[in-house]
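Trainee: Take this structure first; my questions come after.
Any read-out appearing in this document is the output of simple, stated calculations on the displayed coordinates, not a laboratory observation. Model, not experiment: these values are computed from the prediction. Counting neighbours? That spans all protein chains shown, and the Cβs are built from the backbone with ideal geometry, glycine included.
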C-alpha cells in the first residue's frame, strides 16, 4: 500500500496542549510529522474542529538540549475510540492547518533527526 502522507511520521511522545473555545487539553503525541499529529484525549472531539496548538519540541543546540515552543492551528481529521484505555479513551489525528514556515522547519528537522536515530 502506498504511503499517502507528504511528511515522514515518527512515533514520539511530545508534550502538546490543544484548545478550542470551551476546553484546554494537555496530553502527549503518539506520533508526529511536519504536517500533523496523533494523540490521546479524554473526550471525543468532532471532526473538523479547529484547534489552537502548543507543541514543545526538544532540540539539540551546541551540544545541549533546548525546548522550542511551537504555536500553530490544527483541524481534527479523525477520532478513534480506544477500548480499555482508562483516562484517554479517544485518539485524535490532527492536520496542522496553520504552521509558520520557521516552525515547520523546526518540526521537519526534529522528525528527520529522530528518523536518523532509529
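Trainee: In what order do 78, 91 fall by count of nearby beta-carbon atoms within 10 Å, going from fewest to most?
Mentor: Fewest to most other Cβ atoms nearby, the residues stand as 78, 91.
Trainee: Any idea how far apart residue 61 and residue 20 come out in nm if each label point goes 7 Å out from Cα toward Cβ?
Mentor: About 3.4 nm separates the two model spin labels.
Trainee: Let me ask something else about it. Between the helical axis of 101-117 and the dominant principal axis of the chain, each derived from Cα atoms, what acute angle in degrees is found, rounded to the nearest 10?
Mentor: The helix 101-117 is inclined about 80 degrees to the chain.
Trainee: Compute the normalised compactness of the range 15-117: alpha-carbon radius of gyration over 2.2 N^0.38 Å, N being the residue count. Present the calculation step by step, with values, prior to reporting the outcome.
Mentor: Details: Rg = 14.0 Å, N = 103, 2.2 N^0.38 = 12.8 Å.
Output field value: 1.09.
Trainee: Please arrange 38, 95 by counting, for each residue, the other beta carbons lying within 10 Å of its beta carbon, fewest first. Could the numbers behind the result be given before it?
Mentor: Details: 38 18, 95 15.
Least to most surrounded, the residues fall as 95, 38.
Trainee: Over the chain, what relative contact order in percent results from Cα pairs under 8 Å that are six or more residues apart? Mind dumping the intermediate values first?
Mentor: On the way: 242 pairs, mean separation 29.3, N = 118.
It comes to 25 percent, rounded to a whole number.
Trainee: Another question, if that's okay. Which of the three applies to the range 1-63, rounded, prolate or oblate, going by the alpha-carbon gyration tensor with a ≥ b ≥ c and a/c under 1.5 meaning rounded? List each step's numbers first, then the result.
Mentor: Values: a/c = 2.19, a/b = 1.22, b/c = 1.80.
It comes out oblate by the Cα gyration axes.
Trainee: I need two numbers for the range 39-99: Rg to one decimal and Dmax as a whole number, Cα atoms only, in Å.
Mentor: 14.5, 44
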